[in-house]
1. Which of the residues that make up the range 45-100 are small (Gly, Ala, Ser), on the phi > 0 side of the Ramachandran plot and at pLDDT 95 or above?
2. Do we have any residue at all in the range 54-64 that's buried (at least 17 other Cβ atoms within 10 Å of the Cβ) and polar (S, T, N, Q)?
3. Count, please, the residues in the range 65-85 that happen to be among the hydrophobic types (A, V, I, L, M, F, W, C) and surrounded by fewer than 17 Cβ atoms within 10 Å (Cβ to Cβ).
4. Go through the range 24-125 and tell me which strands (runs of 3 or more DSSP E), entirely inside it, have 3 or more residues that are touching a residue at least 40 places away in the same chain (Cβ under 8 Å) and closer than 22 Å to GLU3 by Cβ.
Amino acid sequence: MPEFTGLERAVLTAICDEQPGIAGRLRGLLATARTLERDNTGHGFYTPFEVDRSLPYVDWPQRIVSGPNVEVNVASEILLMGFVLWFEDGYPNRLEGFQYGMRSGGHIDLKVADLSAIAWVRPVS
């Protein structure tokens with residue numbers, strides 16, 4: 001079973017930091033996460049995971065928490081990506097990453113990229 005990549009861990013940490021009202025409970029749930037797979041769509045990825053549902057759920061009014069927009073390094077190219085953390089019944093269950101594109105306006109085919117090698121460069125406001 002794959003583990004979270006360094007980029008995924010950094011994004012999940014940033015999401016927790018950006019949501020102080022739910023950060024403690026969310027961190028506790030994410031500490032129990034077991035990734036199931038990783039779906040590389042070429043434009044982004046989905047990483048579904050399971051958490052311990054015997055722990056209290058997160059009281060959040062929506063099915064998603066918007067994550068940071070981040071510049072990432074993909075094979076020496078800088079790419080702008082956005083992230084969403086999905087919930088089901090109050091439990092986080094999937095991280096989605098998607099690209100906005102490069103500064104030049106182009107895109108990178110992530111199907112040919114090693115997702116585990118994509119590195120966080122800096123957040124973008």
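1. First pass over the range 45-100, keeping only residues small (Gly, Ala, Ser): 54, 66-67, 75-76, 82, 90, 97.
Right, trim to on the phi > 0 side of the Ramachandran plot and you get 75-76, 90.
The answer is GLY90, and nothing else.
2. Filtering the range 54-64 down to residues buried (at least 17 other Cβ atoms within 10 Å of the Cβ) leaves 58, 60.
Those left that are additionally polar (S, T, N, Q): none.
No - not one qualifying residue is present in the range 54-64.
3. Step one: list which residues in the range 65-85 are among the hydrophobic types (A, V, I, L, M, F, W, C), which gives 65, 70, 72, 74-75, 78-81, 83-85.
Filter once more, keeping what is surrounded by fewer than 17 Cβ atoms within 10 Å (Cβ to Cβ): 75, 78, 80.
Going through the range 65-85 one residue at a time, the tally reaches 3.
4. Working: elements: 44-50, 64-74, 77-88, 91-102, 119-124.
Once the strands (runs of 3 or more DSSP E) in the range 24-125 are filtered for at least 3 residues that are touching a residue at least 40 places away in the same chain (Cβ under 8 Å) and closer than 22 Å to GLU3 by Cβ, what remains is 44-50, 64-74, 91-102, 119-124.
The values are calculated or read from the model by the stated rules, or taken from the named source; none is laboratory data. Bear in mind the structure is a predicted one, so any value in this text is a computation, not a measurement. Every residue, glycine as well, gets a Cβ built from its backbone with ideal geometry; the counts of neighbours run over all protein chains shown.
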